[in-house]
Amino acid sequence: MFLSVFDMFKVGIGPSSSHTMGPMVAANRFLDRLRAAPFSAAGVKASLHGSLAFTGIGHATDRATILGLAGFAPDTYDRDRADAAIARIRDSKTVTPDGLPALRFDPERDLAFDFGPNLPGHANGMILSATDAQGDTILQETYYSIGGGFVMTQAELDAGKDTEDGAPVPYPFKSATEMLDMARATGLTIAEMKRANELSRRAVSDLETGIQRLWDVMNDCIDRGLHSDGILPGGLNVKRRAKGIHDKLLAERGTNLSPPHTINDWMSVYAMAVNEENAAGGQVVTAPTNGAAGVVPATIRYYLDHVPGATTRRIPEFLLTAAAIGGLVKFNASISGAEAGCQAEVGSASAMAASGLCAVLGGTPEQIENAAEIALEHHLGMTCDPVKGLVQVPCIERNGLGAIKAVSAASLALRGDGHHFVPLDSAIETMRQTGADMHEKYKETSLGGLAVNIPNC
């Protein structure tokens, strides 16, 4: 099993990795099939199913699908170009992706929200079709956006293809138990094993440059969020709060106005800054999803800004460790809110952040595994119930609390020797089972929980 650090952390756009990035990626994959086809298509159509339909408008799934069919990709997304393209498509009722003829596509007619039963493979399903000049379907594919920007076709899902193909990696662990056994046998840290696995796939320079870009995008996102105010889009009229909180925290520095627990506000404000940017459709890094994108960068900023002796040289170690833990969660359970609730998103992110922080603070592999377990265990059962289908309430604050739990988990683990009662593997399996048992209305459909108990929403 190999999931790259660049699988767990992807540069993309808000507000959702599964509902925004995933459909855009799926549309890109469908365009590639059309480019390779022995026939010429005249038009394209799309239908959104399950959670993609129920909360698609709030997550900008319609916009992402349209832009994906026009050739836009998450990692190179430009907001101004996208806005111009949307206006042009609605006016011309065509999309013009590179390498293909102009294709008929009227968003009002050719993009459908199907509110019937989910497609069989996953709660986030979509069907893309190509038509000939007469409007008859000549190519059709079903895609599932399975969380974190990962996309699979029906055939890939049926075959169980959810990891990267290729030659075996030096340290192929599928569980935390295997990971710890390998660490003991080799004397390597989790980050060192993960780095060796990455280098079996890419050059050192590519790995280092790629990780640096991930942190640059994360850090820039925090800074934008800390300096932006106004009302978030979507109709809830949620006010951005990160800038105001940050301004107050800065004003209190060096005075006797700040009690010790103010450090929690710093952790929260870093995370909230990221998730306000995400809610506004800005550039973020999935960590492991957009809905949980604030936890890992907030924890890194906490480390850099507030921990004596912290250095940016340890960021690769943080992210490689976090990616290893995130890979275990994804492989053995889920990182998709539509599949397992918010325990799979913020819970996974908190476990990843806790493990990364524990690593850069000098934790042993056993302490790192313990930190991840503590963080995940205390998110078990968390539902995904975004009000009005927007990644705003409770998502923005929830990331702040996820970062606080990550720091607390790392600190508790470092106070021990790595021996603990509940193994990480057991917490991951419990999360999987809990997600399977959770009612669909609590899994990103906005049909239960806070989403139906807020007046006037």
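Among the residues of region 247-271, the ones that are part of a helix (DSSP H, G or I) and touching an Asp or Glu at 6+ places or on another chain (Cβ under 9 Å) come to 7 in all. For Glu317, indicate whether it is surrounded by fewer than 24 Cβ atoms within 10 Å (Cβ to Cβ) and in contact with a helix residue (DSSP H, G or I) (Cβ under 7 Å, 6 or more places away or on another chain). Yes: the conditions hold for Glu317.
Just so you know, in region 107-123 the residues that are among the aliphatic types (A, V, I, L, M) and under 24 Å from the mean Cα position of the chain (by Cα) include one that is surrounded by the fewest Cβ atoms within 10 Å (Cβ to Cβ), and it is Leu119. Among the residues of region 1-20, write down those that are touching a Ser or Thr at 6+ places or on another chain (Cβ under 7 Å) and of a type outside the set (Lys, Arg). The answer is Met1, Phe2, Leu3, Phe9, Gly12, Ile13, Gly14, Ser17, Ser18, His19, Thr20.
Residues considered: Ala436, Ala372, Ala351. Of these, the only one that is in the same structural domain as Met272 (by TED's automatic domain parsing), within 17 Å of the chain's Cα centre (by Cα) and part of a helix (DSSP H, G or I) is Ala351.
Does region 394-416 contain at least one residue that is of a type outside the set (Ser, Thr, Tyr), in contact (Cβ under 8 Å) with a residue 12 or more places away in the chain, surrounded by fewer than 17 Cβ atoms within 10 Å (Cβ to Cβ) and closer than 20 Å to Ser16 by Cβ? Yes, because at least one residue in region 394-416 is of a type outside the set (Ser, Thr, Tyr), in contact (Cβ under 8 Å) with a residue 12 or more places away in the chain, surrounded by fewer than 17 Cβ atoms within 10 Å (Cβ to Cβ) and closer than 20 Å to Ser16 by Cβ. Among the residues that make up region 277-292, is at least one of them polar (S, T, N, Q), part of a helix (DSSP H, G or I) and either out of contact with any Pro (no Cβ under 7 Å at 6 or more places or on another chain) or crowded, with 21+ Cβ neighbours inside 10 Å (or both)? The answer is yes; a qualifying residue exists. Among the residues of region 136-153, those that are of a type in the set (Val, Ile, Thr) and farther than 12 Å from Met21 by Cα comprise Thr137, Ile138, Thr142, Thr153.
If we keep just the residues of region 124-140 that are farther than 27 Å from Cys384 by Cβ and of a type outside the set (Gly, Ala, Ser), which is farthest from the chain's Cα centre (by Cα)? Applying the filter and picking the extreme gives Gln134. Restricting Phe6, Phe30 to residues that are among the hydrophobic types (A, V, I, L, M, F, W, C), touching a residue at least 24 places away in the same chain (Cβ under 8 Å) and out of contact with any strand residue (DSSP E or B) (no Cβ under 7 Å at 6 or more places or on another chain) narrows the list to Phe6.
I'd like to check something: does region 298-309 contain any residue that is assigned to a loop (DSSP other than H, G, I, E, B), in contact with a strand residue (DSSP E or B) (Cβ under 9 Å, 6 or more places away or on another chain) and modelled with pLDDT of 95 or more? Taking every residue of region 298-309 in turn, none turns out to be assigned to a loop (DSSP other than H, G, I, E, B), in contact with a strand residue (DSSP E or B) (Cβ under 9 Å, 6 or more places away or on another chain) and modelled with pLDDT of 95 or more. Taken as a whole, the condition of being at pLDDT 95 or above and over 26 Å from Val387 (Cβ atoms) applies to Leu249. What do you reckon, is Leu207 modelled with pLDDT of 95 or more, assigned to a loop (DSSP other than H, G, I, E, B) and not small (Gly, Ala, Ser)? No. Here Gly99, Gly68 are screened, and the one residue that is on the phi > 0 side of the Ramachandran plot and not aromatic (Phe, Trp, Tyr) is Gly99. Here Glu366 passes the criteria (1) acidic (Asp, Glu); (2) under 18 Å from Pro288 (Cα atoms); (3) touching a His at 6+ places or on another chain (Cβ under 8 Å) except the one numbered (2). Residues in region 439-451 that are assigned to a helix (DSSP H, G or I) and either basic (Lys, Arg) or free of Cβ contacts under 8 Å to residues at least 40 places away in the same chain (or both): Lys441 only. Could you grab me the full set of residues in region 32-69 that are farther than 29 Å from Glu345 by Cα and buried (at least 24 other Cβ atoms within 10 Å of the Cβ)? Within region 32-69, Val44 is the sole residue that qualifies. The sole residue among Glu208, Glu178, Glu156 that is surrounded by fewer than 16 Cβ atoms within 10 Å (Cβ to Cβ), more than 30 Å from Ser51 (Cβ to Cβ) and within 22 Å of the chain's Cα centre (by Cα) is Glu208.
Among the residues that make up region 220-233, is at least one of them closer than 26 Å to Gly356 by Cα, part of a loop (DSSP other than H, G, I, E, B) and among the small types (Gly, Ala, Ser)? There is no residue in region 220-233 that is closer than 26 Å to Gly356 by Cα, part of a loop (DSSP other than H, G, I, E, B) and among the small types (Gly, Ala, Ser). Yes or no: region 17-27 includes at least one residue that is more than 30 Å from Lys174 (Cα to Cα), touching a residue at least 24 places away in the same chain (Cβ under 8 Å) and either buried (at least 23 other Cβ atoms within 10 Å of the Cβ) or of a type outside the set (Phe, Trp, Tyr) (or both). Within region 17-27 (the criterion being more than 30 Å from Lys174 (Cα to Cα), touching a residue at least 24 places away in the same chain (Cβ under 8 Å) and either buried (at least 23 other Cβ atoms within 10 Å of the Cβ) or of a type outside the set (Phe, Trp, Tyr) (or both)), the answer is yes, since at least one residue qualifies. In summary, Leu380 fulfils each of the numbered conditions (1) surrounded by fewer than 24 Cβ atoms within 10 Å (Cβ to Cβ); (2) assigned to a helix (DSSP H, G or I) with the single exception of condition (2). For residues in region 1-29 being in a helix (DSSP H, G or I), of a type in the set (Gly, Ala, Ser) and modelled with pLDDT under 95, which is farthest from Gly282 (Cα to Cα)? Across region 1-29, the extreme among qualifying residues is Ser18.
The values are calculated or read from the model by the stated rules, or taken from the named source; none is laboratory data. Computed from a predicted model, the values in this text were never measured in an experiment. In this analysis, Cβ positions are derived from the backbone assuming ideal geometry, glycine residues included, and neighbour counts consider all displayed protein chains.
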